[in-house]
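Colleague: Sharing a structure below in structure tokens format, with a few things to ask.
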Amino acid sequence: MKMLLRVSENGGSAVDVQVSAVDLVRFEETFDKSVGNFQTDFRMKDLFWLAHHAMRRKDPSVPDFDTWLDTRDPDVEASDDDEIVPLENAQ
């Protein structure tokens, strides 16, 4: 299972971050909460934490979670990289 998140910091340009198995497992270990329950028990902190963890895994210079929230003013949203483009009708 993978998830693509679009993250912008301090109102700057957005970057896509791929949340992968290691991030999801660490989330479950950290919060003792199943990612399988996201549809019924989801908090914004969950989304921001996953984005931060994936970013920090790729770039250790990313500050700790609380500092990142306080100083980088992040915006995180789910991104769909697999947009389905409908077939055009040939007439």
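Just so it is clear, none of the values below were taken in a lab; they were calculated from the coordinates. Here the structure is a predicted model, which means the values were calculated and not measured. Don't worry about glycine lacking a Cβ; one is built from the backbone with ideal geometry, like all the others, and counts go over all protein chains shown.
Colleague: Kindly write out, for segment 35-41 in residue order, the coupling ³J(HN,Hα) from the Karplus curve 6.51 cos²θ - 1.76 cosθ + 1.60 (θ = phi - 60°), rounded to whole Hz, with x marking Gly and Pro.
Modeller: Once θ is set to phi - 60°, the couplings for segment 35-41 become 5, x, 9, 4, 5, 10, 9 Hz.
Colleague: Per the helix-only calculation at 222 nm, which mean residue ellipticity applies to the chain, given -39500 (n - 2.57) for every DSSP H run of n ≥ 4 and division by its residues, nearest 500 deg cm²/dmol?
Modeller: Only helices count here, giving -11500 deg cm²/dmol.
Colleague: Mind listing the phi-derived Karplus ³J(HN,Hα) values for segment 19-30, rounded to whole Hz, using 6.51, -1.76 and 1.60 with θ = phi - 60°, and x for any glycine or proline?
Modeller: 8, 10, 3, 4, 5, 5, 5, 4, 4, 4, 5, 5
Colleague: Once you charge only the Cβ atoms, +1 for Lys and Arg and -1 for Asp and Glu, what is the size of the charge dipole of the chain about its Cα centre, to the nearest 20 debye?
Modeller: That gives the chain a dipole magnitude of about 260 debye.
Colleague: In nm, give the distance between the simple-model label positions of K2 and D66, each being 7 Å from the Cα along the Cα-to-Cβ direction.
Modeller: That separation, rounded to one decimal, is 3.4 nm.
Colleague: Moving on to the next point. Work the Kirkwood hydrodynamic radius out for the chain: mean of 1/r over every pair of different alpha-carbon atoms, inverted, in Å.
Modeller: 14.4 Å
Colleague: Residue by residue through segment 48-63, which ³J(HN,Hα) values in whole Hz follow from phi under the Karplus form 6.51 cos²θ - 1.76 cosθ + 1.60 (θ = phi - 60°), with glycine and proline marked x?
Modeller: Rounded to whole hertz, the list is 5, 4, 4, 4, 4, 4, 5, 5, 5, 5, 7, 9, x, 6, 5, x.
Colleague: Another question about this same structure. Say R0 is 22 Å: what FRET efficiency, to the nearest 0.05, do S34 and D75 get from their beta-carbon distance?
Modeller: The calculated FRET efficiency here is 0.25.
Colleague: For A14, what residues show an amide H to amide H distance below 5 Å, using hydrogens built from the backbone and excluding near sequence neighbours?
Modeller: none
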